[in-house]
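Okay, so here's the structure we're looking at.
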Amino acid sequence: MLEYIPAAKLALARDPGRPFDPPGELTRMRNERPLERSALVDGFPIWVVSDRARVRAILADPRFSIRYDVLHLPGGGTMPPAHPGDLTGLDAPEHTRYRRLLTGEFTVRRMRRLTTRIEAVTEECLAEMERIGPPADLVQTFARPIPALMICELLGVPYAERERFEADAILLTGGDPDIETINAAGAALYEYLSGLVAAKRANPADDLLSGLTKSDLTDDELTTIGLVLLGAGLDTTANMLSLGTFALLQHPAQLAALRADPSIAGSAVEELLRYLSVVPFMTRTALEDVEIDGQVIKAGESALLMISTANRDPGYFPDPDVLDLRRPAGGHNSFGHGIHQCLGQQLARVVMQAAFPALVTRFPGLRPAVPPEEVPLRHNAVIFGVERLPVEW
Ligand code: HEM
């Protein structure tokens, strides 16, 4: 996918020595030509939208579709339509039905119980890290296991079962160039989740998946929803935790501020979301001709909405390139905007607000174990982050 949209690769590119900033080329584009006509590898037009106001306007505009089957593929044709249940590929009104059913399952009571569990598991992960001793890869010891627990709780599976989905789920969003590997991972996950749906129907418990079995959704739809939750929730949160820790380590005064006063965790997490943009771009396709600033995005042409530069828009955020954990929260676009705005955002917040303060207070001497330029970045995945983060303390 990334190969065929050169502009999408730009969203994941980084200038040397600036792992957290969108590349200068994209920033210049936002400042000079925030709506820019570009092209796919086959020459078909695609638009790059890079300032905050235009990105949000398109995300809120029903003339732009999220459907897979309206996306132009190289050489013509489109992808198949979204599988029933996959709300990330459906417009209203098909989207509305699934969205409502799912929203109803993210109850306050469940979120509260999850918070307690997250706190306990974070402590377990940190204790294990301490036991093994430095150096440790923070991705393996911290950033991955904590979101995996969150997903286990949602799906209602024992934490020990995370190995049955974790590796495959990471492959789905990890950007492995080999499409067969991705398809095999998807098929294995589908099989695991359809078994789980059957088990929940037979033996419902107090989890989201069991809750949904009481609706009129089919087994196939329920399985797909499980797959969507894994695909949307696991790798995003894991990369926020690892890239966020990397950013804190590179900004020691900010890290010290969070350690000194963990009650700023709320604004700190919003600022890290803004600063890092782990989902650096989203795609929408025009269903009819849409005129913006005197230019026409024609029906069938897509727009790449650059979240990373929108989140650094100086017209909205003062000193946008400064990481300031006490910055008044709000206004970032890291969970999207409009009807597809992230369904799991409260959950992700709960996890991050528990995990970051716990990490920095437990390890006051936490520091990188390698120079920053040796931390491998993820340039090939649709979610930005780090592959590994060696730390010592
Ligand atoms: C920090 C972590 C996360 C980030 C940065 C993130 C980001 C996003 C973004 C940008 C979108 C909108 C995509 C678009 O409009 O094209 C989205 C949608 C979604 N997210 Fe998240 N997400 C995170 C965590 C989660 C979690 C924990 C879950 C659930 C377990 C989740 C479930 C979803 C779902 C189901 C959608 C689709 C909603 C819809 O189409 O109506 N996300 N997320």
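Can you spot the lysines whose alpha carbon is less than 16 Å from Lys214's alpha carbon? Ignore those fewer than 8 places along the same chain. Leaving aside lysines fewer than 8 places away in the same chain, those within reach of Lys214 are Lys200.
Shape class for the range 1-114: oblate, because the ratio a/c of the largest to smallest gyration tensor axis (alpha-carbon atoms, square roots of eigenvalues) is 1.5 or more and b/c is at least a/b.
Which is the longest stretch in the chain that no exposed loop site breaks, taking sites as trypsin sites (Lys or Arg not before Pro) with a DSSP loop state and at most 16 other Cβ atoms within 10 Å?
Working: sites that count: Arg14, Arg63, Lys214, Lys298, Arg326, Arg388.
Value returned for the longest uninterrupted segment is 64-213.
Where a ≥ b ≥ c are the square roots of the eigenvalues of the C-alpha gyration tensor, would you call the range 91-212 rounded, which needs a/c under 1.5, or, failing that, prolate if a/b is larger than b/c, or oblate? Because a/c hits 1.5 or more and a/b fails to exceed b/c, the range 91-212 counts as oblate.
Estimate the FRET efficiency between Arg109 and Glu191 by the formula 1/(1 + (r/R0)^6), using the beta-carbon distance for r and 25 Å for R0, to the nearest 0.05. Could the numbers behind the result be given before it?
Working: r = 31 Å, r/R0 = 1.24.
Calculated transfer efficiency: 0.20.
Residues of the range 240-265 with an amide N closer than 20 Å to a point placed 7 Å from the Cα of Val370 along the Cα-to-Cβ direction: 240-251. Which FRET efficiency value, to the nearest 0.05, is calculated for Ala39 and Ala60 with the Förster distance at 30 angstrom and r the Cβ-Cβ distance? For Ala39 and Ala60, the calculated efficiency is 0.70. Evaluating kT/(6 pi eta Rh) at 20 °C and 1.002 mPa s, with the Kirkwood radius of the range 1-43 over Cα pairs in the Stokes-Einstein relation, gives 190 µm² s⁻¹.
Using a 1.4 Å probe, what is the accessible area per residue for the range 2-392, in Å²? Show your work: numbers first, answer last.
Details: 16180 Å² over 391 residues.
Per-residue value: 41 Å².
Taking all protein chains as present, what is the carbon and sulfur share of the accessible area of the range 79-134, in % to the nearest whole number, probe 1.4 Å? Working shown, then result.
Working: 1930 of 3180 Å².
Carbon and sulfur: 61 percent of the exposed surface of the range 79-134.
Considering only protein heavy atoms and a 1.4 Å probe, what is the carbon-and-sulfur percentage of the accessible area of the range 240-393? Using a 1.4 Å probe with all protein chains present, the range 240-393 comes out at 53 percent carbon and sulfur.
Note the full-extension length gain between Ala160 and Thr218 as 0.36 nm times their separation in residues minus their Cα-Cα distance, in nm to one decimal.
Numbers: separation 58, 0.36 × 58 = 20.88 nm, distance 2.75 nm.
Additional length available on full extension: 18.1 nm.
Annotation: amide H of Ser38 within the under-5 Å range of Ile46, Trp47, Val48, sequence separation 5 or more or interchain, hydrogens built in the peptide plane. Loop-located chymotrypsin sites (Phe, Trp or Tyr not before Pro) across the range 225-326 with a Cβ neighbour count of 16 or fewer within 10 Å are Tyr316, with loop assigned by DSSP. If the segment from Asn380 to Tyr316 were pulled out straight at 0.36 nm per residue, it would be longer than the present Cα-Cα gap by 20.1 nm. Residues whose amide H lies under 5 Å from that of Leu377, counting only those 5 or more places away or on a different chain, are Glu387; hydrogens are built 1.01 Å from N in the peptide plane. Evaluated at q = 0.06, 0.07, 0.09 Å⁻¹, the base-10 log of the normalised Debye intensity for the chain, with identical point scatterers placed on the Cα atoms, takes the values -0.23, -0.31, -0.53. Projecting label points 7 angstrom from Cα along Cα→Cβ for Ile339 and Ala199 puts them 3.5 nm apart.
Here each label is just a point 7 Å from Cα along the line to Cβ, and for Glu94 and Asp293 those points are 3.3 nm apart. Cross-link partners for Lys9 among the lysines, with Cα-Cα distance under 27 Å and sequence neighbours closer than 8 places in the same chain left out: Lys298.
The values are calculated or read from the model by the stated rules, or taken from the named source; none is laboratory data. Here the structure is a predicted model, which is why all the values come from computation and not from measurement. Glycine also receives a Cβ, built like all others from the backbone with ideal geometry; neighbour counts cover every protein chain displayed. Accessible surface areas use protein heavy atoms only, side chains included; no ligands, DNA or RNA. Shrake-Rupley method; radii C 1.70, N 1.55, O 1.52, S 1.80 Å.
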